[in-house]
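Colleague: Sharing a structure, written as structure tokens. Questions coming.
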Amino acid sequence: MRNIWKWIGLAGAAGVVAGGVLVARDQRCREAYTPDEIRARLHQRLADPDAEAKGSVESEPAPKKSE
């Protein structure tokens, strides 16, 4: 019975580590843009809201979220 709890604890620790890796990866994606770049992109979107629907504004796709 003691061996089972050891494996359960090890699996829990592995889950915590995997979650930390996902959080770190997501944070790196968010920090890839400077505040000025984000501001410029938001102003561009605000100036021409229909451009994205028409496909005339070339923008990078949003990073995919891992679940």
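Colleague: Calculate log10 I(q)/I(0) of region 14-54 for q = 0.16, 0.26, 0.34 Å⁻¹, where I(q) comes from the Debye formula with a single equal point scatterer on each Cα and nothing for solvent.
Modeller: Rounded to two decimals, the profile gives -0.60, -0.83, -1.00.
Colleague: Something else: Toward the positive end of the charge dipole of region 14-54, about the Cα centre and with charges on Cβ (Lys, Arg +1; Asp, Glu -1), which of P35, A14, P49 goes farthest?
Modeller: A14
Colleague: Given charges of +1 on the Cβ of Lys and Arg and -1 on the Cβ of Asp and Glu, with all other atoms neutral, how large is the dipole of region 14-54 about its Cα centre, in debye to the nearest 20?
Modeller: Working: 7 positive and 7 negative charges, 27 e Å.
So the magnitude is around 120 debye.
Colleague: Also, I was wondering about something else. Calculated FRET efficiency, D50 and V21, Cβ-Cβ r, R0 35 Å, to nearest 0.05? Intermediate values should be presented prior to the final figure.
Modeller: Details: r = 39 Å, r/R0 = 1.12.
Approximately 0.35, to the nearest 0.05.
Bear in mind these aren't lab numbers, they're just calculated from the coordinates by the rules spelled out. Source: prediction; values computed, not measured. Quick reminder, even Gly has a Cβ in these numbers, built from the backbone with ideal geometry, and neighbours come from all protein chains shown.
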